1. Once Rh is set to the Kirkwood radius over Cα pairs, what Stokes-Einstein translational diffusion coefficient, in µm²/s, holds for the chain at a temperature of 37 °C and a viscosity of 0.692 mPa s?
2. Could you pull out every residue, at least 5 positions away or on a different chain, whose amide H is within less than 5 Å of the one on residue 577? Hs are placed 1.01 Å off N in the peptide plane, and Pro or chain starts have none.
3. Compute, for region 37-359, the length of the dipole vector about the Cα centre, with Cβ point charges of +1 (Lys, Arg) and -1 (Asp, Glu) only. Units Debye, rounded to 20.
4. Please work out whether region 600-755 counts as rounded, prolate or oblate from its C-alpha gyration tensor, where a ≥ b ≥ c are the square roots of the eigenvalues and a/c under 1.5 means rounded, while otherwise a/b larger than b/c means prolate and anything else oblate?
5. Can you classify region 37-359 as rounded, prolate or oblate using the Cα gyration tensor, where a ≥ b ≥ c are the square roots of its eigenvalues, rounded means a/c under 1.5, and otherwise it's prolate if a/b beats b/c and oblate if not?
6. Arrange the following residues from fewest to most other Cβ atoms within 10 Å of their Cβ: 377, 331, 192.
7. Toward the positive end of the charge dipole of the chain, about the Cα centre and with charges on Cβ (Lys, Arg +1; Asp, Glu -1), which of 366, 642, 624 goes farthest?
8. If you take the charge dipole of the chain about its Cα centre, with +1 on Lys and Arg Cβ and -1 on Asp and Glu Cβ, which of 258, 505, 288 is farthest toward its positive end?
Amino acid sequence: MKWSVPLLLLLVVLMAFGIRGCATSETHSMRPPSKIDQKVNQLLSEMTLEEKIGQLNLRGTSSRTKVLPDSLKQAVREGHIGAFLNVMNSDYVKELQTIAVEESPHGIPLIFARDVIHGFKTIFPIPLGLAASWDQQVVVDASRVSAVEASAQGIRWTFAPMLDISRDARWGRIAESPGEDPYLASVLAQAYIQGFQGDSLNDPTAMAACAKHFIGYGAALGGRDYNTATIDEAQLRNVYLPPFQAALNAGAPTVMTSFNEVNGVPASGDEFLLDQVLRKEMQFDGFVVSDWNSVLEMINHGFAADQKQAAELAVNAGLDMEMTSRTYESYLMTLIEEGKVNESQIDFLVANILRVKFQLGLFERPFIPAHLDGKIYSQEHLQKAKNAAIKSSVLLKNNNQLLPLEKNTKIALIGPLAHQAREQLGTWTFDGEAEASITPLMALEEQNISLTFVETLSYSRDKDKSAFTKAVKAAQESDVIVFIGGEEAILSGEAHSRASLNLPGAQEDLISELAKTGKPIVGVIMAGRPITINTIKQHMDAILMAWHPGTMSGPAIYEMLFGLAEPGGRLPVTWPKTSGQLPLFYNHKNTGRPVNPEKFVQMDSIPVGAWQSSLGNTSHYLDVGYEPEFPFGYGLGYSRFSYGKVHIDKTVIKAGDSLRVSVELTNIGDRKSHEVVQLYIRDQTASLTRPVKELKAFQHIDLDQGSSTEVVFWLKKEDLAFVNRNMEKVTEPGLFNLWVGADSSTSNGTSFTYE
Ligand code: BGC
């Protein structure tokens with residue numbers, strides 16, 4: 001959904017007066033009712049309380065459901081269910097919807113939901129990979145294709161995008177995240193909404209997006225899934241909320257709560273988060289859905305004594321729809337009778353849900369229109385998936401320009417992910433099909449590349465070294481070794497955190513053995529997270545991070561290996577040397593003793609029996625130091641660029657001014673290439689300490705070899721703002737540093753003052 005100008009104006013006015021602009025029921029509504037609101041209110045006035053409670057229930061079926069149980073159909077008939085997830089048989093979708101619209105008391109249509117995360121049938125790179133593209137168009141394409149394919153099965157609601165800022169690669173769900181940076185995540189959030197929802201929610205190919213998980217799920221302690229998050233309020237507002245605000249601004253009509261507690265209160269029962277922050281401040285006027293059983297889990301958290309209290313807490317906090325657990329269904333009636341929940345609150349929640357059903361056009365068009373075929377696996381979709389895989393891949397190392405390879409290079413293709421059609425799809429691909437995937441082996445064979453394939457390890461955790469000799473022999477008889485390994489899909493994603501991030505199984509040993517042949521090695525990593533490679537990095541002359549690239553992995557990797565395409569990705573997360581460094585992120589605070597290369601004392605240089613002293617040490621580890629393996633924003637291309645000095649058009653700016661920032665960019669390599677020019681700032685001194693660097697803008701630039709261009713950015717007061725201790729968004733006067741470069745480690749900078 002795009003914002004029309006009048007709608008935007010209305011929003012601005014509402015925000016200016018701090019008015020809640022979200023509800024239609026008497027107690028909550030503060031805005032003039034729209035036509036849809038009128039319909040919602042009319043319907044609400046006719047519904048029984050039982051039916052209203054029914055709208056709040058999201059019921060699941062399993063993909064393995066063979067026959068729709070009669071009890072389920074009866075529940076729909078009686079108006080006890082508002083939405084379904086995971087109904088994957090379109091005949092069942094039709095059957096349930098027919099009962100809902102023809103037999104239930106008010107004929108209210110159901111919404112069918114699914115986790116369509118990075119593709120439905122045509123699978124795109126995992127979201128962390130899409131984030132590595134730093135490219136809105138790539139994300140729009142991925143989510144549009146997902147919506148076109150899934151809506152043709154009757155799925156009009158997706159549980160995506162996941163917008164959890166993630167700074168700890170041990171957490172398995174980093175694979176589903178937009179990475180560690182609030183600015184990049186916000187830019188991509190908008191693109192996801194635009195793609196999923198198209199021009200209007202009312203379009204039958206639009207899927208309502210669901211911004212999840214609200215909030216702080218990515219801050220799980222120690223990267224252990226579902227764990228507690230402790231986030232001070234300013235940090236919540238400066239780091240975790242912005243991507244959600246961007247999604248709401250772009251029109252996301254639903255939000256999912258997170259499993260975790262934030263500062264001691266489970267998100268699904270947190271009135272402050274759901275009512276004060278989300279509805280009142282962020283002006284959200286869609287509906288909030290719980291995560292799977294997360295209402296019930298408030299008992300385990302130690303926040304609700306029993307199911308009844310869990311329902312009371314969630315409803316009063318403003319959680320509209322309960323996913324899978326059934327505390328609303330079981331206890332809301334009694335809670336209302338007892339006066340613990342007001343019926344007006346139920347009206348408010350139901351109105352939020354009905355409004356989205358109207359916006360989706362489900363009342364006029366509850367069934368899949370006959371002409372929708374989803375274009376599943378169409379050439380157009382496959383091309384977009386291949387393009388996304390290329391734009392998401394990050395070239396981490398390329399010694400002596402080993403890549404791209406010459407067409408007639410003889411390859412030894414080795415490794416557990418070179419020909420794993422299912423694994424290359426990654427996490428959350430219930431509908432993706434291995435049979436439709438093209439693996440690297442398949443793509444190289446199709447191109448008649450001279451190769452010997454020795455898989456050697458049959459899955460990423462495989463420890464069986466019996467095929468090592470065969471692999472070494474193949475390597476000796478080849479010009480270049482292409483090793484494709486990493487993590488199987490199941491090693492990342494929900495509930496799949498890892499403490500060590502090394503290549504699992506015997507992969508490291510295999511690479512070390514192959515290195516002894518003296519043949520150059522190209523390492524292609526497919527994984528759901530950064531993999532620590534500090535012990536084997538030196539064995540690989542080129543390293544290409546492909547994430548889990550999806551259906552078109554093979555053709556994309558072929559084109560990148562042979563230079564028909566250039567890897568376009570930049571890291572959306574800081575890449576650690578070892579998991580002991582985690583959490584690790586570029587936009588950290590400075591501390592009183594920031595890292596100082598000159599003061600670094602490596603562990604082995606500490607004298608034996610040394611007297612206790614800080615040795616002048618700063619905030620770092622004695623053994624691994626202070627640097628990541630690769631910084632946030634990093635990624636190579638097949639050419640090289642040089643950056644001129646950063647120019648600014650004034651050294652002092654005031655409110656209302658725009659600062660012109662420019663830099664001369666030159667392609668000094670020997671082929672046309674692509675660069676992602678990144679602008680970072682630092683607010684040197686503030687009433688609340690600010691990060692050492694913050695991404696504020698970036699641009700994609702294509703340049704022919706030898707040519708130059710001036711890259712221009714404009715910075716405004718708002719770009720310098722942050723939320724202070726009083727929870728006010730402010731730009732404080734003082735000195736700002738500014739850098740423009742190829743990644744977050746750039747030192748190409750200048751400074752200016754804001755007065
Ligand atoms: C996940 C959600 C997902 C839901 C429904 C939960 O386990 O946390 O992200 O949308 O399941 O499948």
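Bear in mind these aren't lab numbers, they're just calculated from the coordinates by the rules spelled out. Quantities reported herein were computed from a predicted structural model and do not represent experimental measurements. Cβ: placed from backbone, ideal geometry, glycine included. Neighbour counts: every protein chain shown.
1. On the way: Rh = 27.3 Å.
For the chosen part, D equals 120 µm²/s.
2. For residue 577, whose amide H was placed from the backbone, the distant partners under 5 Å are 629.
3. On the way: 25 positive and 41 negative charges, 153 e Å.
I would put it at about 740 debye.
4. Working: a/c = 2.72, a/b = 1.20, b/c = 2.27.
Oblate, because a/c is 1.5 or more while a/b does not exceed b/c.
5. Details: a/c = 1.65, a/b = 1.18, b/c = 1.39.
Taking the square roots of the gyration eigenvalues as a ≥ b ≥ c, region 37-359 is oblate.
6. Numbers: 377 15, 331 22, 192 31.
Ordered from fewest to most neighbouring Cβ atoms within 10 Å, 377, 331, 192 come out as 377, 331, 192.
7. Checked the options; the winner is 642.
8. Looking along the dipole axis, the top candidate is 505.
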